[in-house]
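The values are calculated or read from the model by the stated rules, or taken from the named source; none is laboratory data. Small disclaimer: the values here were computed from a predicted structure and weren't measured. All Cβ positions, even for glycine, are placed from backbone atoms using ideal geometry, and neighbour counts span all protein chains on display.
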Amino acid sequence: MIFEKYKGRSILITGGLGFIGSNLAHRLSKIEDVDISIIDSLAEGQGGNLYNIESIKDRVKLNVADMSDSWVINHLVGGMDYIFNLAGSVSHIDSMKMPHNDLHFNCEAHLSLLEACRMFNPGAKIVFTSTRQVYGKPAYLPLDEHHRIQPTDINGINKHAAEMYHLLYERAYSLRTVVLRLTNTYGERQQLNHNRQGFISWFVRQAMEGETIELFGDGRQRRDLNYVDDVVDALLLAGLSEEAEGEIFNLGHPQHVSLAEIANELIALTGRGTVLGVPFPPERQLTDVGNCYCSSKKIEQLLGWQPKTDLKDGLKRTIEFYQQNREHYWSANENTVSESYTALSQIA
Ligand SMILES: NC(=O)c1ccc[n+]([C@@H]2O[C@H](COP(=O)([O-])OP(=O)(O)OC[C@H]3O[C@@H](n4cnc5c(N)ncnc54)[C@H](O)[C@@H]3O)[C@@H](O)[C@H]2O)c1
């Protein structure tokens, strides 16, 4: 198996207590002798949750700290072979309400990481997760990497700036960076406390609760969704590929489904919930991109990545996970941090 190449390597996951980062940590923990470190600030309103790594906590060195703290990040990058840079704020709506916060999470923190690598570990491979939201309203579909960039929100602008930082450091300082533009991702370990990080986790919760899933507009907007395991595959492939360095890749899915179809699938799978079409709230209308899905041709050709998970199977697995772990995702997170988790104590 190709991912055995990570054996014996040191890996830092930024944002590793969050949804995608913790799934990556779980996958890496299955490979023998991988040294896994996480930095996560457990930022309020984001998806960080200590329970996400509860079953692998003996395999992970956890540093609860903000990546923008140069003193911390300068120490942490030393000796890392790979850095999966997943820290960030995902919420488009929050970015419009609190643009300075988004600038901090999605730009400033990444400059600190890149500066740390430039000074203390220029040989590390860095995989950065961006978003297809950078394209804005599609001029054509499916979106490919040449589509014009015209974000509809602050989050998209800041994520694009961070992409450019990563690629600039590749050109200017020969850092080994690669950018993946993710589409909506779903699966285990995603926060279900609010609906500001995208619709899918909120639909899952509402269906499981037997509530009414509200579809803005007519619910006919078509999207592609990736199951988190497939995204983890893409991250790991990008990490291993020298050809990928300096490149941007879309991660799309060939199934293009409407929001109404997704809601109805969840209702069928849970046996609960209903749907109701409602007018778009003005602040949501502003950032909505309508039909939106990506072509994965480039990553398929260069890295051999294709999503393997059919939407229905992925949703089924997601629901099963939350049925078994409901109490850890249904209310405020259990993020009481013990002293031993602080970055300073680990470094000292
Ligand atoms: N989930 C999706 O559908 C999706 C779609 C497109 C792109 N992405 C990108 O993937 C990445 C991971 O997303 P996710 O869904 O796992 O989000 P998440 O909110 O679950 O996880 C992000 C984590 O980053 C941490 N974090 C934020 N700023 C930090 C900082 N300065 N220092 C340390 N930790 C910090 C948060 O505490 C959180 O635990 C993000 O960069 C996001 O933009 C996600």
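Just give me the residues in region 188-209 being more than 11 Å from the ligand (Cβ to nearest atom) and either among the charged types (D, E, K, R) or in contact with a His (Cβ under 9 Å, 6 or more places away or on another chain) (or both), in sequence order. Glu188, Trp202, Arg205, Glu209, listed by residue number.
The residue list Thr185, Thr177 contains one member that is modelled with pLDDT of 95 or more and within 11 Å of the ligand (Cβ to nearest atom), which is Thr185. Within the span defined as region 271-282, every residue fails to be assigned to a helix (DSSP H, G or I), basic (Lys, Arg) and surrounded by fewer than 17 Cβ atoms within 10 Å (Cβ to Cβ). Please verify whether region 160-169 includes one or more residues that are within 13 Å of the ligand (Cβ to nearest atom) and part of a loop (DSSP other than H, G, I, E, B). Among the residues of region 160-169, not one is within 13 Å of the ligand (Cβ to nearest atom) and part of a loop (DSSP other than H, G, I, E, B), which makes the answer no. Restricting attention to region 51-70, does a residue exist that is within 11 Å of the ligand (Cβ to nearest atom), on the phi < 0 side of the Ramachandran plot, assigned to a loop (DSSP other than H, G, I, E, B) and touching a Lys or Arg at 6+ places or on another chain (Cβ under 7 Å)? Within region 51-70 (the criterion being within 11 Å of the ligand (Cβ to nearest atom), on the phi < 0 side of the Ramachandran plot, assigned to a loop (DSSP other than H, G, I, E, B) and touching a Lys or Arg at 6+ places or on another chain (Cβ under 7 Å)), the answer is no, since none of the residues qualifies. Residues in region 279-318 that are of a type in the set (A, V, I, L, M) and under 20 Å from the mean Cα position of the chain (by Cα): Val289, Ile299, Leu303, Leu311, Leu315. Select from region 24-46 the residues that are within 8 Å of the ligand (Cβ to nearest atom) and either at pLDDT 95 or above or over 23 Å from Cys107 (Cβ atoms) (or both) and list them in ascending order. Residues satisfying the conditions are Ile39, Asp40, Ser41, Leu42.
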